[in-house]
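The values are calculated or read from the model by the stated rules, or taken from the named source; none is laboratory data. In this text, all values refer to a predicted model and were calculated from it rather than measured experimentally. For neighbour counting, all protein chains shown are included, and Cβ atoms are generated from backbone atoms with ideal geometry for every residue, glycine included.
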Amino acid sequence: MSDTPPPGSFDPDGLDPAIIQAIVSGGIPHYGALGVQFVTAGRNAATLRLPYREDFIGDPETGTLHGGVITTLIDSVCGIAVFMAMGRLLPIATLDLRIDYLKPATAGLDVLAVAECYKVTRSIAFLRARAHHEGTPDDLIATCASTFMLGSSGEVPFPRNAKVPQ
Amino acid sequence: MTLLDAVRRAKETGDATHVVSAIPYFRFLGLQVGRDAEGSFCQLPEDPRLIGNPRLPALHGGVVGALLESAAIVELIMTSEAEILPKTINITIDYLRSARPILTFARGSVTKHGRRVANVRVEAWQEDRAKPVAAAHAHFLIA
């Protein structure tokens, strides 16, 4: 059993987390390059995991991860939390992202990122996110405040033919 | 070679490549550094692995963020009088345009170099320097 509880309850009328799982595991090239894993998604929230890899080290003496890879994980989980809050997949774009690095990630440990979309207006979604290691949700590696544009002119970020498991 | 050795070498030679090649995540991204009359800059060559939205297509926003943070660190290391290993305190990224999956540049400028903290602004662009795809400002602990 996972020791990180789902951050939001599942809304049966909302977006099926299986759709998100399918996107994370197959639809986005950079997720594949990083090995990002889907953990859970709820009513307006989501959790992703980044398995530790030496490729992502920012300081070779300590083995701690580079901030840039934490930024990528947090940007990703925020986008998914927007989809969950909207209850559908729609074109979105990150407007801004402020990340505070509270402590270095510990070498060898996976990182979990949790995002909550706490307000949605006609055009903008407002989010908070945090990153921590498994089992220590209060010992934060990073926190984030971000906003996303809704219905940006782009396309939903996954291939049209992405396979969604039944 | 330790990271501080790499910083020392980069400052002696004026070539930030020494720093980039010492950091595994920079190698993973394929980050490169260049130098012109304005100073050092970073560039990220075209690479399909860095795509975050295959439908547009667009670079992953996190990769653009990583490029900005990297360019800020490189600028700080190369322009600081001392040999420093900047630690990122925070970074605020504004996404200005969709970044296409093509060669992308970033250059930082140090707004203030204090005793313990440095403030750095940084911009990323693609084909047209006048149309940045993203901008950021960041604080670094340098002591």
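Some notes on this structure:
- Taken over region A:105-120, the residue count meeting the criterion of being free of Cβ contacts under 8 Å to residues at least 60 places away in the same chain and surrounded by fewer than 16 Cβ atoms within 10 Å (Cβ to Cβ) is 3.
- Any hit, region A:47-62, residues being within 23 Å of residue B:56 (Cα to Cα) and facing chain B (nearest Cβ under 10 Å): no
- Of B:83, B:69, B:46, all but one fail to be touching a residue at least 60 places away in the same chain (Cβ under 8 Å) and in a loop (DSSP other than H, G, I, E, B); the exception is B:83.
- Pick from region A:23-44, criterion hydrophobic (A, V, I, L, M, F, W, C) and within 14 Å of chain B (Cβ to nearest Cβ), ranking: nearest to residue B:58 (Cα to Cα): A:28
- Checked against the criterion of being over 23 Å from residue A:32 (Cα atoms), out of contact with any strand residue (DSSP E or B) (no Cβ under 8 Å at 6 or more places or on another chain) and not β-branched (Val, Ile, Thr), the candidates B:35, B:8 yield just one match: B:8.
- Some residue of region B:90-100 being within 14 Å of residue A:67 (Cβ to Cβ) and buried (at least 19 other Cβ atoms within 10 Å of the Cβ): yes
- Just one of (1) within 30 Å of residue A:91 (Cα to Cα); (2) in contact with a Ser or Thr (Cβ under 7 Å, 6 or more places away or on another chain); (3) facing chain A (nearest Cβ under 9 Å) fails for residue B:27. It is (1).
- Meets criteria (more than 9 Å from chain A (Cβ to nearest Cβ) and assigned to a helix (DSSP H, G or I)) for residue B:120: no
- Scan of region B:60-93 for residues that are charged (D, E, K, R) and closer than 24 Å to residue B:50 by Cβ, ordered by number: B:69, B:75
- Considering residues of region A:118-137 that are under 18 Å from the mean Cα position of the chain (by Cα) and among the charged types (D, E, K, R) only, the residue farthest from residue A:50 (Cα to Cα): A:119
- Residues in region A:65-105 that are more than 10 Å from every other protein chain (Cβ to nearest Cβ) and of a type in the set (S, T, N, Q): 0 in all.
- Scanning region B:71-91 for residues that are touching a Ser or Thr at 6+ places or on another chain (Cβ under 7 Å) and under 14 Å from residue B:136 (Cα atoms) returns a single hit, B:75.
- Filter result for residue B:111 (within 16 Å of residue A:68 (Cβ to Cβ), at pLDDT 95 or above and not in a loop (DSSP other than H, G, I, E, B)): no
- Residue B:63 within 13 Å of chain A (Cβ to nearest Cβ) and either within 15 Å of the chain's Cα centre (by Cα) or not in a strand (DSSP E or B) (or both): yes
- The listed residue being under 15 Å from the mean Cα position of the chain (by Cα), modelled with pLDDT of 95 or more and among the hydrophobic types (A, V, I, L, M, F, W, C), out of A:107, A:22, A:81: A:81
- Tally, over region B:30-87, of residues that are among the hydrophobic types (A, V, I, L, M, F, W, C) and more than 15 Å from residue B:103 (Cα to Cα): 11
- When region A:52-64 is filtered for residues that are within 17 Å of the chain's Cα centre (by Cα) and closer than 16 Å to residue B:90 by Cβ, nothing remains.
- When region A:58-95 is filtered for residues that are within 25 Å of residue A:21 (Cα to Cα), charged (D, E, K, R) and surrounded by 17 or more Cβ atoms within 10 Å (Cβ to Cβ), only A:75 remains.
- Within region A:106-125, the set of residues being assigned to a loop (DSSP other than H, G, I, E, B), away from chain B (no Cβ under 12 Å) and among the hydrophobic types (A, V, I, L, M, F, W, C) comprises just one member, A:109.
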